[in-house]
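Inspection log for the structure reproduced underneath, given as structure tokens.
The values are calculated or read from the model by the stated rules, or taken from the named source; none is laboratory data. All figures in this text were calculated on a predicted structure; none of them were measured in a lab. A quick note on method: Cβ atoms are made from the backbone with ideal geometry, for glycine too, and the neighbour counts reach across all protein chains shown. SASA here: full protein model, heavy atoms, side chains in, ligands and nucleic acids out. Shrake-Rupley method; radii C 1.70, N 1.55, O 1.52, S 1.80 Å.
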Amino acid sequence: MFNSIFGTITAKLPQCVYLQTGDQNSGLEWNFAVPDSSLDALPNVGEKARLFIWTYHKEDAFKFFGFATETERSAFTDLMKVEGVGPKAALKILSNISANDLAAVLDSGDLARLEKVPGVGKKTAQKMLLALKGKLSFSDETVRMVPQKSLSPWNDVVTALAGMGYDKKEVEPLVARLADELEPGLGKKQSEDIIFRRAIVELAN
């Protein structure tokens with residue numbers, strides 16, 4: 001199963017993000033369903049972003065869901081443990097209440113507040129309380145994507161590759177070598193794109 005994907009945002013639509021990986025001419029453009037909370041947290045079109053993935057796969061359907069944080073993805077998957085709540089309903093719920101606020105509402109047993117969330121009726125709210133009360137506990141530090149202190153100019157590239165499942169110990173020297181091989185005069189963003197693409201090719205061999 002995929003954990004996350006790193007690329008350039010090419011479009012932001014209501015509950016939808018397009019993400020480009022690889023070269024524009026030979027790469028892939030992915031379509032992710034995302035909650036509005038993730039949509040607001042993600043960078044602007046044209047900037048790089050990392051999405052945490054959940055894949056919906058049945059005989060007649062195949063769809064990718066994306067989230068700005070692992071916490072949000074966890075809340076999404078937990079919501080689907082509630083009887084009657086599928087991916088579409090979970091996405092709608094998280095588009096109207098953050099993972100942190102949802103945990104607080106559930107922990108306080110505030111049934112009235114839950115019922116006011118679009119996509120949640122009285123019966124669903126009761127089921128959510130029974131299934132999830134006390135089980136969603138997120139700190140503000142978890143929800144926010146706190147940037148790590150950069151240890152090198154290419155730390156973002158190393159982090160992205162490690163997030164895709166590659167061994168960080170293998171990635172770091174590879175990225176450093178590819179950086180040394182860059183042509184002089186390139187901008188940082190262009191350099192990161194080139195290093196990332198070349199690293200993917202070498203790691204895949």
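Couple of notes before you dig in:
- Measuring only protein heavy atoms, the 1.4 Å probe finds Val45 accessible over about 80 Å².
- Couplings 3J(HN,Hα) of region 156-162, computed from phi: 5, 5, 4, 4, 5, 5, 5 Hz, in residue order, whole Hz [Karplus 6.51 cos²θ - 1.76 cosθ + 1.60, θ = phi - 60°; x for Gly and Pro].
- Against the chain, whose longest principal axis is taken from its Cα atoms, helix 168-180 shows a tilt of about 40°.
- Inter-part distance where region 167-205 and region 53-104 are each reduced to a Cα centre, Å: 34 Å
- Direction-averaged projected area, Cα convex hull, the chain: 13.3 nm², rounded to one decimal.
- Here the chain has 50 percent of its accessible surface on carbon and sulfur atoms, given a 1.4 Å probe and all protein chains in place.
- Probe 1.4 Å - accessible area at Glu70, Å² to nearest ten: 100 Å²
- Rounded to the nearest 500, the helix-only mean residue ellipticity at 222 nm of the chain stands at -13500 deg cm²/dmol, with each DSSP H run of n ≥ 4 adding -39,500 (n - 2.57).
- Cβ-Cβ FRET estimate between Lys135 and Asp180, R0 fixed at 35 Å, reported to 0.05: 0.10
- Spin-label pair Lys169-Glu47: with each label point 7 Å from Cα along the Cα-Cβ axis, the two points sit 3.5 nm from one another.
- Orientation-averaged projection of region 15-56 equals 3.3 nm² [convex hull of Cα atoms, one quarter of hull surface area].
- Note that the chain presents 57 Å² accessible area per residue, ligands and nucleic acids not counted, probe 1.4 Å.
- Solvent-accessible surface (1.4 angstrom probe) belonging to Thr8, in square angstrom, nearest 10: 30 Å²
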